[in-house]
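A quick write-up on the structure given underneath.
Rule-based calculations on the coordinates, nothing more; no lab input. If you're wondering where the values come from, they're calculated on a predicted model, not measured in any experiment. Please note: Cβ atoms are built from the backbone with ideal geometry, for glycine as well, and neighbour counts cover all protein chains shown.
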Ligand SMILES: Cc1cc2nc3c(=O)[nH]c(=O)nc-3n(C[C@H](O)[C@H](O)[C@H](O)COP(=O)(O)OP(=O)(O)OC[C@H]3O[C@@H](n4cnc5c(N)ncnc54)[C@H](O)[C@@H]3O)c2cc1C
Ligand code: FES
């Protein structure tokens, strides 16, 4: 069911990236609370409907999405003001499983706008007093998002590593290299205690998958595919050869499933459903 919500707050994260806040609970008796990793289909009247990860949420129903301007609909979302209305369907898809065992060490690894669902996961981990590490990568310093937010976290529980392709902030290099460097002196026992949650460019996710497979590390990746329906009807987000749907079976897949998805790291579908190489 699609519901209409009012934009209540807007934050400029960096050039071309904004966070929009709205309330999912107000005047909605069928309200379902989302979980970190889930997404919503966001409809801009007269433009289009697109999938967006939930980047923040609280018990009062206040919800955030963080939007990167890449095309028609995301541009229209960027141009909305406080008081404007959008349509929201969801929460949709599966979610990140937070371990019940608090001695597990969670590693959140994101690239670019892929940090959106990990930002909410990180605030849940802080709320639950879990120890975790964040590795955030971007092309240049101006594209790193949520840094101000992370600085407010209790540093006794959290550790942050930043990297940029050009070295303009943090380590020069890509997030998977930072991860590999971080774990290079870990013992077998320490490696088996890690859980990696990741989201971002699929090339990065594939490299993280290879590292985790090599070291037998528990690994989850949130995948993106072009979506039309968001609820298992159109087939645009099918992953071959298992026929899994990113919108219904995902967007989060674990290492054992990813091993069997031949499309992972290689192919996506365009708006006609034709398979094309990943960009
Ligand atoms: C589960 C999920 C969660 C997402 N979460 C976020 C988020 O939190 N923030 C955010 O900014 N974006 C997110 N995206 C990507 C976002 O949905 C697309 O950027 C958006 O649909 C583009 O629409 P557009 O009309 O602006 O661009 P279009 O004009 O339709 O296309 C512009 C470019 O974006 C590509 N594109 C279009 N749709 C997608 C898509 N679904 N996935 C990847 N590339 C696409 C096109 O191939 C084209 O190259 C998510 C996608 C999925 C599947
Ligand atoms: S988006 Fe239509 S089946 Fe997944």
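Once both labels are positioned 7 Å from their Cα atoms along Cα-to-Cβ, the gap between residue 127 and residue 216 label points is 3.5 nm.
Take each peptide in 66-72, 129-135, count the other Cβ atoms within 10 Å of every residue, and average; sorted highest first, the result is 129-135, 66-72.
By how many degrees, 0 to 90 and rounded to 10, does the Cα axis of helix 115-127 deviate from the longest principal axis of the chain? It is inclined by approximately 70 degrees.
Among 152, 182, 205, the largest mean-square fluctuation in a Gaussian network model of the chain, built with springs joining Cα atoms closer than 10 Å, belongs to 152. Distance between the C-alpha centres of the stretch 228-264 and the stretch 82-160: 23 Å, rounded to the whole angstrom. Bridges between two residues of the stretch 1-144, per DSSP, are antiparallel at a rate of about 85%. Report the residues of the stretch 1-19 in range of a label on residue 248: point 7 Å along Cα→C-beta, backbone N strictly under 19 Å from it. The answer is 1-2, whose backbone nitrogens lie closer than 19 Å to the label point. Connecting C-alpha atoms closer than 10 Å in a GNM of the chain, tell me which of 242, 258, 125 has the biggest fluctuation. Evaluated over the chain, the most mobile residue of the options is 242. Most tightly packed first, judged by the mean number of other beta-carbon atoms within 10 Å of their residues, the peptides 191-200, 115-124, 88-97 read 115-124, 191-200, 88-97. What residue among 263, 84, 249 shows peak mean-square fluctuation when the chain is described by a Gaussian network model with Cα springs under 10 Å? Between 263, 84, 249, it is 84 that shows the largest mean-square fluctuation.
If a spin label sat at a point 7 angstrom from the Cα of residue 2 along the line to its beta carbon, the backbone N atoms of the stretch 80-107 nearer than 16 Å would be those of 85-92.
Take the chain, compute every pairwise Cα distance, and split them into 10 Å bins from 0; I just need the percent in each bin. Bin by bin from 0 Å, the calculated values are 6, 29, 37, 23, 4, 0. Computed over the chain, relative contact order equals 16 percent, with contacts defined as Cα pairs under 8 Å that lie 6+ residues apart.
Give the angle, between 0 and 90 degrees and rounded to the nearest 10, that separates the Cα long axis of helix 202-214 from the longest principal axis of the Cα atoms of the chain. Its long axis makes an angle of about 40 degrees. Each peptide in 268-274, 231-237 was scored by the mean count of other Cβ atoms within 10 Å over its residues; highest first, the order is 231-237, 268-274.
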